[in-house]
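The values are calculated or read from the model by the stated rules, or taken from the named source; none is laboratory data. For clarity, every value in this text was computed on a predicted model and none was experimentally measured. Cβ placement follows ideal geometry from the backbone for every residue including glycine, while neighbour counts extend to all protein chains displayed. Accessible surface areas use protein heavy atoms only, side chains included; no ligands, DNA or RNA. Shrake-Rupley method; radii C 1.70, N 1.55, O 1.52, S 1.80 Å.
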Amino acid sequence: LVTGLERSDATRQLIAQSGVPCVHLMESSGQDGIYSVGFSQSEAGADMTRHLLAKGRKRIAFAGAQLDPRTLQRLEGWRR
């Protein structure tokens with residue numbers, strides 16, 4: 001079990017050559033042969049923002065402690 005889908009080429013090769021099944025958590029992948037359990041980070045950011053807008057909120061800020069790929073995807077959803 002590993003988190004996220006962002007991997008270096010060397011890490012992807014290591015996982016592939018290990019012979020050990022790998023499941024990626026926290027994100028979903030549409031690629032064949034990649035097993036994942038998660039959700040779209042971008043859609044989560046957009047859904048949270050839409051929810052707050054529907055509740056009448058007008059000034060919605062986005063804060064992220066780390067600018068990792070998942071945080072940036074949620075930011076993209078917030079921007080949409």
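Hull volume per residue, based on the alpha-carbon atoms of the chain and their convex hull, is 104 Å³.
Roughly what angle does helix 69-79 make with the longest principal axis of the chain, taking Cα atoms, 0 to 90 degrees, to the nearest 10? With rounding to tens, the tilt is 30 degrees. Per-residue accessible area for THR49 at 1.4 Å probe radius, Å² rounded to 10? Its heavy atoms expose roughly 20 Å² to the probe.
Each Cα pair under 8 Å and six or more residues apart adds its sequence gap; the mean of these over the residue count of the chain is a relative contact order of 27 percent.
So if I place +1 on the C-beta of Lys and Arg and -1 on the C-beta of Asp and Glu, and nothing else carries charge, what would the dipole magnitude of the chain be about its Cα centre? I want it in debye, nearest 20.
Values: 11 positive and 8 negative charges, 135 e Å.
Its charge dipole is roughly 640 debye.
Specify the angular offset, from 0 to 90 degrees and rounded to the nearest 10, of the alpha carbon long axis of helix 9-18 from the longest principal axis of the alpha carbons in the chain. Helix 9-18 sits at roughly 50 degrees to that axis.
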